[in-house]
Structures are given as structure tokens and as C-alpha cells.
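Following: one structure in C-alpha cells, then a few remarks.
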Amino acid sequence: MNIILLGPPGAGKGTQASFLVEERGMVQLSTGDMLRAAKDSGSEMGKVVADVMARGGLVTDEIVIGLIREQLETVKSNGFVFDGFPRTLAQADALAVLLKEQGQTLDAVIELEVNDDVLVSRIVGRAAEAAAAGKPVRADDNEESLKVRLMEYYKKTSPLLGYYYAKGQLTGVDGLGEMADVKASIGTILET
């Protein structure tokens, strides 16, 4: 089973993906993690990624698709959770082609639906809790950075909601509920 988790920054995609990894044996494909791992791997693709990142450039869709292709071809699992990918309509089209080439399907696209004002409060609260506990606070866990990230999400990624809705693959869940409730809602979707 292959699924995509969609939602704005801070909606809980990474948290829910980790539950799917633990409980269903799926593999989380986080583009950020994959890019960092590739950079450190010394592979041919890793050298390309390291060079682009060293120049401060943006990694192209072709590189990201190449990394995902590598994972689909080499990692055996009970399915993949795409977290942070696709981010654009072009990437969604490329993923569809790649999955077809690999003889795989996209089984579900789950949107973690959130209210922006509540999301901002959640992120600011998370940062305050981490600081109070003496834990590191993400540099972008503040209201100003989150609003910039939200704008980027709405400009580039939110069109995917219509794309997958039109394909009959999109299901929404309340992303602001308790973690266990969100997890249960996702489980129900995957069981149908």
C-alpha cells in the first residue's frame, strides 16, 4: 500500500507517518531525509545532491524523482508513505508515471485538514514547550516563519488537493484532533 499524506506545515504528517511505519511496516519517504541521506552517502546521486546544496541551489524535480525511484527499486516494505512529496502538480504527474513503471499503485491520498489560526497557535505553543523543557526549538517554529511556509504551501502544494480529488483518491481527516483520533481516522481509511 502506498499513500501520500498532505497538509500544511505543522499539520502532523511526520507524526502520523511514524505511526504507519511502526504499526504497518511501511517506509516513510520524506524528501528532506532522503536528500540529507543521499548527500552523505557518497553515491553518484548523492554527489549531485551535495553539489547542488553546496551551491545553495534548489534540488530539481528530476533529482527528487531519482531518489524516490531508487527507494522504490531497492527498499522492500509493506508500502510507502510519501511525506513532503509531491509538492507540485508536476511532481504528482511524475510520481504517477514512476509508480506505473514500477508496477505499483497509489492507494490513498490523505489530507490532514487544519485551521490556520489553530495551526499557528499549535506551532508557537510547541516551540514554547520545547524551550521551557530545555529542548532545541526548530528555527522555523515561530509565527512569522510559519506564515511564510503556509503561503508557499498554498501557492504550490494545495493545488494537489483538487488534482487528487478529481482522481477520486483524496480523503480528508481532521488534523487538529488528538493524535490517537487522527491515527484512528487514517487507519479506517486504509482499511476500506
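The values are calculated or read from the model by the stated rules, or taken from the named source; none is laboratory data. From a predicted model like this one, the values you see are computed outputs, not experimental measurements. Note that we place each Cβ from the backbone using ideal geometry, even for glycine, and neighbour counts take in every protein chain shown. Keep in mind that these areas ignore ligands, DNA and RNA; they rest on the heavy atoms of the full protein, side chains included. Shrake-Rupley method; radii C 1.70, N 1.55, O 1.52, S 1.80 Å.
Take the residues of the range 35-57 that are in contact (Cβ under 8 Å) with a residue 24 or more places away in the chain and open to solvent by 20 Å² or more (accessible area, probe 1.4 Å): which is nearest to residue 180 (Cα to Cα)?
As a first pass, look at the range 35-57 and keep what is in contact (Cβ under 8 Å) with a residue 24 or more places away in the chain: 35, 38, 45.
Then keep just the ones that are open to solvent by 20 Å² or more (accessible area, probe 1.4 Å); that gives 35, 45.
On the way: 35: 30, 45: 38 Å.
Out of the qualifying residues, it is 35.
Collect the residues in the range 11-33 that are open to solvent by 20 Å² or more (accessible area, probe 1.4 Å) and either over 10 Å from the mean Cα position of the chain (by Cα) or aliphatic (A, V, I, L, M) (or both), keeping them in residue-number order.
If the condition is that a residue be open to solvent by 20 Å² or more (accessible area, probe 1.4 Å) and either over 10 Å from the mean Cα position of the chain (by Cα) or aliphatic (A, V, I, L, M) (or both), then 15, 18, 19, 21, 22, 23, 24, 25, 27, 33 are the ones that fit.
Can you find, within the range 95-120, the residue that is nearest to residue 16 (Cα to Cα) among those that are within 17 Å of the chain's Cα centre (by Cα) and open to solvent by 20 Å² or more (accessible area, probe 1.4 Å)?
The selected residue is 111.
If you go through the range 1-44, how many residues are under 17 Å from residue 160 (Cβ atoms) and basic (Lys, Arg)?
So the answer is 1.
Pairs please, first residue from the range 106-134 and small (Gly, Ala, Ser), second anywhere and in a loop (DSSP other than H, G, I, E, B) and open to solvent by less than 60 Å² (accessible area, probe 1.4 Å), Cβ atoms under 9 Å, 6+ apart in sequence or on different chains.
Note: pairs meeting the criteria are 108/2; 108/169; 127/141; 127/142; 130/141.
Of all residues in the range 168-192 being in contact (Cβ under 8 Å) with a residue 40 or more places away in the chain and not in a helix (DSSP H, G or I), which is surrounded by the fewest Cβ atoms within 10 Å (Cβ to Cβ)? Working first, answer last.
From the range 168-192, those in contact (Cβ under 8 Å) with a residue 40 or more places away in the chain are 169-176, 179, 182-183, 186, 189-190; that's our starting set.
If we keep only those that are not in a helix (DSSP H, G or I) too, we end up with 169-176.
On the way: 169: 16, 170: 18, 171: 18, 172: 16, 173: 22, 174: 13, 175: 25, 176: 16.
It comes out as 174.
Does residue 92 satisfy being in contact with a Phe, Trp or Tyr (Cβ under 8 Å, 6 or more places away or on another chain), within 23 Å of residue 3 (Cα to Cα) and either among the β-branched types (Val, Ile, Thr) or surrounded by 14 or more Cβ atoms within 10 Å (Cβ to Cβ) (or both)? Break it down into steps so the answer makes sense when it comes.
On the way: in contact with a Phe, Trp or Tyr (Cβ under 8 Å, 6 or more places away or on another chain): yes; within 23 Å of residue 3 (Cα to Cα): yes; either among the β-branched types (Val, Ile, Thr) or surrounded by 14 or more Cβ atoms within 10 Å (Cβ to Cβ) (or both): yes.
Yes, satisfied.
Quick check on the range 136-156: of everything there that is touching a Gly at 6+ places or on another chain (Cβ under 9 Å) and aliphatic (A, V, I, L, M), which residue is surrounded by the most Cβ atoms within 10 Å (Cβ to Cβ)?
Restricting attention to the range 136-156, the residues satisfying the condition of being touching a Gly at 6+ places or on another chain (Cβ under 9 Å) are 141, 146, 149-150, 153.
Okay, now just the ones that are also aliphatic (A, V, I, L, M), so 146, 150.
Values: 146: 21, 150: 19.
Among those residues, the one meeting the criterion is 146.
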